[in-house]
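Visitor: Here it is, the structure, as C-alpha cells.
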Amino acid sequence: METAAPATPLPLQRPAARGRPIPALQIPELDQCVHCGLCLTQCPTYRVTALETESPRGRIHLVRAAGEGRIRPGERFAEHIYLCLMCRACETACPSGVKYGRIAEAAREVLGPPGSRLGRAVAALAFTQVFPHLRRMRLLVRLMRFYQRSGLRALARLLPARLREMEALLPPIPATFFTPGPEVLPAVGAARARVGLLNGCVMPLLFGEVNAATVRVLRRNGCEVVIPRDQGCCGALNVHNGETRAMTAMARRNIDVFLRAGVDAVVVNAAGCGATMKEYGHLLKDDPEYAEKAERFSRVVKDVSEFLVELGPTAPLGPVNITVTYQDPCHLAHGQKVRSQPRRLLASIPDLRLVEMEASDRCCGSAGIYNLTHAAMSRTLLDEKMASIARTGAEAVVAPNPGCMVQLLSGLRRAGLGMPVYHLMDLLDRACQAADAAGSGQ
C-alpha cells in the first residue's frame, strides 16, 4: 500500500502592513504576556461584553499589532483602548507579572485624550491649563459652588439627558476649602517621623475635611506634617488619558518640592494619586535630569494606611458604633497592592464592625473621568456595586479615594440607599476624638 505524500502547505503571504511601526508601542511589557487568559474574568469590560478585544489579552494583541505596523491606531483601536478602566485588576491576576497599566498608558500617549473632537479639546484644556494651575482649579470649583447654591441647579432638568447625568455626578461642594495654614505642623507628643502630605488638586476642594482629618490623625500618631505650598497636582488624570507633557512638569515640581522638604515619607490619602506618584520613577526614566531623583522620590511615597501600619499607630482610639463595608479602590488594591492595611486600621476602632462586600476589589466604574466618557459601562459596573453593598446590610461605605467616593455617593442616591460614604481617615479621626472626649469626661 502506498503511503500518501504529505500535502504541501500553501505558502502564506503576509498581508501588506496597514500602518507604520510605532517604536513608542514596542515596549518590553508586551513580551511578558503568555496569553494564558487568567486575566479575562477579572476584567470588568470583558465580564460585561464577553469580547476578546475588550480584555487585557486582546488589547495587548492590538497594541503589539499597532506597534509592529500591522494595524493603524485609528478610531476603532482607540475605542478598545479607552473602554479599559485602567483598574489593573488584570495585574493582580497575572501569573507573569505583566504591568498592563504601562502598556495601556503607552497606547494612550500615542492616541491622546479620548472622546469626540470637542471632548478631546476640553480634556486637553483641563489637563494642560487647569489641573497644573491650582488657583484656576480653585476658581472653577468656586463657580461650581455658586451654581449649586444659587438655585441654578434647578435648571439642570432642562439639559439634554447626557448632560443631566454628568451634572448629577457633582457632589455637594463644601462651604470652605482645606487651607493648612503653617507649612509645618508639629507632632502631638514625641515626634516619631517627619512626613510630607500631598494636598492634591481635588481633595482640598471637594474633600477638604478628609485632608484635615488626615493631618490630625498623622499628628496624633507622632508625625510632624509638612504640607509644602509649592506642591501641585500629581498628574494622574493626565497620564491615564494620554497627556504626558504637562504631567512631566507636574511630576518634576512635586519631586523637587518634597525632596527639598527632607521628609521620611510622602503620604497620600488618594489612591489614584499615590499609584501615579509611585510610578514617577518609571514615567521619568528617560529624563536625564530627573530619572534618579524620580526613582528616589517614588520609593518614599506611601498610602496613608500603608504608612500608619508600618509606623505602628499609637493614638488612643475611642468607640465608633457603626457597621461599615469597605470598597477597595482599584489603584490601592491592584495598583499599590495595599489591601490589608486599611482593614487593620478599621479593626483597631472599638465598636466598629466591618462587613465585607462581595468582590470588594471590583471597579465601581469611576476610573478618573471614565464615568464621564463611558457613562453606560460605568453605570453597569456601578449598579453591580450597589447590589453588593445592599447585600451587606452596612450603614456606611468606606472608600479611601475621591473618585470612588463621588461615584459611590452618586450610585447610592440613585439606588435609594441613603447611606454615607466615608474616607478611612474620617473614621480614624472620629475615633481619636471619641478617645479625647472619654479622657476629658465628656
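Values in this text are rule-based calculations from the coordinates and carry no lab data. As the structure is a computational prediction, the values presented were derived from the model and not from experiment. No Cβ is skipped: glycine too gets one built from the backbone with ideal geometry, and neighbour counts run over all protein chains shown.
Visitor: Under a 10 Å cutoff between Cα atoms, tell me which one of D328, D383, D286 has the largest fluctuation in the Gaussian network model of the chain.
Guide: D286
Visitor: Multiply the residue gap between A376 and R157 by 0.36 nm, knock off their C-alpha separation, and tell me the result in nm, one decimal place. Walk me through the numbers on the way to the answer.
Guide: Values: separation 219, 0.36 × 219 = 78.84 nm, distance 1.96 nm.
Contour length minus Cα-Cα distance gives 76.9 nm.
Visitor: Please work out the ratio of the alpha-carbon Rg of region 23-111 to 2.2 N^0.38 Å and round it to two decimals.
Guide: Working: Rg = 11.7 Å, N = 89, 2.2 N^0.38 = 12.1 Å.
Here the Cα radius of gyration is 0.97 times the empirical estimate.
Visitor: Follow-up question, since we're still on this one. Do any GluC sites (Glu not before Pro) in region 250-326 lie in a DSSP loop with no more than 14 other beta carbon atoms within 10 Å, and if so, which?
Guide: Values: sites: E279, E289, E292, E295, E306, E310; in loops: E279, E289.
Sparse-neighbourhood loop GluC sites (Glu not before Pro): E289.
Visitor: If the cut-off is a Cα-Cα distance under 23 Å, which lysines reach K302, setting aside same-chain residues fewer than 8 apart in sequence?
Guide: Filter leaves K99, K278, K285, K293, K337.
Visitor: May I ask you to derive the FRET efficiency for R194 and L170 from their Cβ-Cβ distance with R0 = 25 Å, giving the value to the nearest 0.05?
Guide: Numbers: r = 37 Å, r/R0 = 1.47.
So the FRET efficiency works out to roughly 0.10.
Visitor: Can you tally the net charge around G58? Count Lys and Arg as +1, Asp and Glu as -1, for every other residue whose Cβ sits under 14 Å from the Cβ of G58. Write out the running numbers ahead of the final one.
Guide: On the way: positive: R47, R57, R59, R64, R76; negative: E52, E54, E79.
Net of charged neighbours comes to +2.
Visitor: Here are some values of Rg/Rh (Cα atoms, Kirkwood Rh): (1) 1.05; (2) 1.01; (3) 0.97. Which one was computed from this structure?
Guide: (2)
Visitor: What percent of all Cα-Cα pairs in region 195-308 falls in each 10 Å bin, counting up from 0?
Guide: 15, 50, 30, 5, 0
Visitor: I'd like the distance separating the alpha-carbon centroids of region 302-343 and region 62-140, in whole Å.
Guide: 29
Visitor: Of F131, F146, F178, which has the largest mean-square fluctuation in a 10 Å C-alpha GNM of the chain?
Guide: Taking springs between Cα atoms under 10 Å, the residue moving most is F146.
Visitor: Just the Kirkwood number for region 317-439, please: inverse of mean 1/r across all distinct Cα pairs, in Å, one decimal. Provide the component values of the computation, followed by the final result.
Guide: Numbers: mean 1/r = 0.0678 Å⁻¹.
It works out to 14.7 Å.
Visitor: Once you sort the root eigenvalues of the Cα gyration tensor of region 261-377 as a ≥ b ≥ c, which label holds: rounded (a/c under 1.5), prolate (a/b larger than b/c) or oblate (the other case)?
Guide: On the way: a/c = 3.10, a/b = 1.29, b/c = 2.39.
Here region 261-377 falls in the oblate category.
Visitor: Which of G262, G335, G196 moves most in a GNM of the chain, Cα contacts under 10 Å?
Guide: Of G262, G335, G196, the most mobile in the Gaussian network model is G262.
Visitor: Within the chain, which cysteines find no other Cys whose Cβ is under 4.7 angstrom from their own?
Guide: C33, C36, C43, C84, C94, C223, C364, C404, C432
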